[in-house]
Amino acid sequence: INAEYGGSAPFDYSNCLSELVMTSVEDEHRIPLEDLAKRLSTNLKNGLSNSEREKRLNKSGLNILPHIDAKEQEYWETALPNTTLVRIDGELSRVLNRNLVVGDVVTLIEGDIVGADIRILSCSNVTVDMSPLIGYEDSIKKRGIKCTNEDQLNSENMLLASSYIVSGVANGVVVSVGASTIMGRTLGSVESVKKTPPSKRVQLMIYELANQARIWVKNPDVLSRFNHLDFLITPTAGVVTFLSKMVVANIYFDGTVQKTSGSNTSSPTFQNLLRACLLVNASKTDSDRKTIITTNHYETALYNFVLKFKNVEEVVFPNEF
C-alpha cells in the first residue's frame, strides 16, 4: 500500500480494520430477564397473543433490512431459510421472518437463519455462524445464557439477525427487528455515507463498496481516510462479506460422479435420487409458487436441485418408498 493520510503523515492502516467493527450500546443482553420482559411487555413462557402481534406488526411494519434492493430482498426471502418457530398464545407456530415483532418468544434450531436480534432464554449445544456480521475468520461462535460482553455483538447470550444456527436448539425473545438490529444499523450506516460530502474519489469507492460489490461497511467514517490510497488490500475477516448460496453441483449415482448439468436424467437411479432429495425434506413453496419455505440451507439446495428437472408434484413415489 502506498498511502498517506492528510497528505503528510503515513496512514496507519492497521487501526482501520478494527474501526470497521461496529459496536452496540443496548443493554437488553445485560439486564435481568424479568426486567426485560417488563420492558418488552411480553410473557417469556407463552409469548405474545395473536392480537398483540398484529398490533405490533401494524405499528412497526415488516421486519426487513433497510437499504437493500428488491433482488437482494428476494434472495434473503427465497434462497435462504426464512421462517422461525414463534410461541403465540402458548403454542408454537412457524412464522415468516419478515413478520417477527419485538417481544416474540422464539425457538431456533439447526439450519435456521436468525431473523432478528434475540436474547437467549435457554439453549442446548448452540453454535452460530456470524460471518455476515464479522467476516469468515473465526466466525463460528458458541452461545449460552450468560452475558459475556458489554457489547451485544460479542456477548454469548445474543443471536443476531443474519447469522446462522450451525448446531443446537435455542429459545429466546426478540429484542430488535429490521433497521434496529445490528445488521440493520450496519446497512443504514452505509446509506448515511452517501449524504456526506467526501471527494469524488471516495464517493466512487463508496458506490463500488455499497452497490456493486454488495460490501457492508460497518463504520462509514473510516472511508474518509481512504482518499489518499493508491491501492486497497483487504483481508477477508471482518472487512468483506459476500452473500453465499448453497447449491448441488455434483452428484454420485450409477457408480460415477457427475455434474448436475450433464446428468443422465432418464436413468432410473437418477429418478430415485430426486425422490430421495424430497423424502425427508421439509421445504415447500407457498401459494405464489415462487417463495421456498424451508428450514435450512441443505434442504433448500436439494429442493432447488429437484426443481431444475421437474415440478415437485411430478415426482412419483412407488409403493416401496
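The values are calculated or read from the model by the stated rules, or taken from the named source; none is laboratory data. What you see is a predicted model; the values in this text were computed from it and never measured. Note that each Cβ is placed from the backbone with ideal geometry, even for glycine, and that neighbours are counted across all protein chains shown. Note: areas computed on protein heavy atoms with side chains; ligands, DNA, RNA excluded. Shrake-Rupley method; radii C 1.70, N 1.55, O 1.52, S 1.80 Å.
Would a scan of the range 46-65 turn up a residue that is over 27 Å from residue 127 (Cα atoms), touching a strand residue (DSSP E or B) at 6+ places or on another chain (Cβ under 6 Å), modelled with pLDDT of 80 or more and assigned to a helix (DSSP H, G or I)? Yes, the range 46-65 has at least one match. Assuming residue 197 fulfils every condition listed in (1) at pLDDT below 90; (2) under 20 Å from residue 44 (Cα atoms) apart from one, which condition is it? Tallying (1) at pLDDT below 90; (2) under 20 Å from residue 44 (Cα atoms), residue 197 fails exactly one: (2). Scanning the range 142-173 for residues that are under 15 Å from the mean Cα position of the chain (by Cα) and either under 19 Å from residue 105 (Cβ atoms) or open to solvent by 60 Å² or more (accessible area, probe 1.4 Å) (or both) yields a total of 6. Summed over the range 269-309, residues that are surrounded by fewer than 17 Cβ atoms within 10 Å (Cβ to Cβ) and at pLDDT below 80 total 11. Of everything in the range 119-140 that is free of Cβ contacts under 8 Å to residues at least 40 places away in the same chain and open to solvent by 30 Å² or more (accessible area, probe 1.4 Å), the residue that is farthest from the chain's Cα centre (by Cα) is 140.
Scanning the range 112-153 for residues that are of a type in the set (D, E, K, R) and not in a strand (DSSP E or B), we see that the one that is modelled with the lowest pLDDT is 137. Would you mind stating whether residue 179 is modelled with pLDDT of 80 or more, small (Gly, Ala, Ser) and in contact with a helix residue (DSSP H, G or I) (Cβ under 8 Å, 6 or more places away or on another chain)? Taking the combined requirement at face value, the residue satisfies it.
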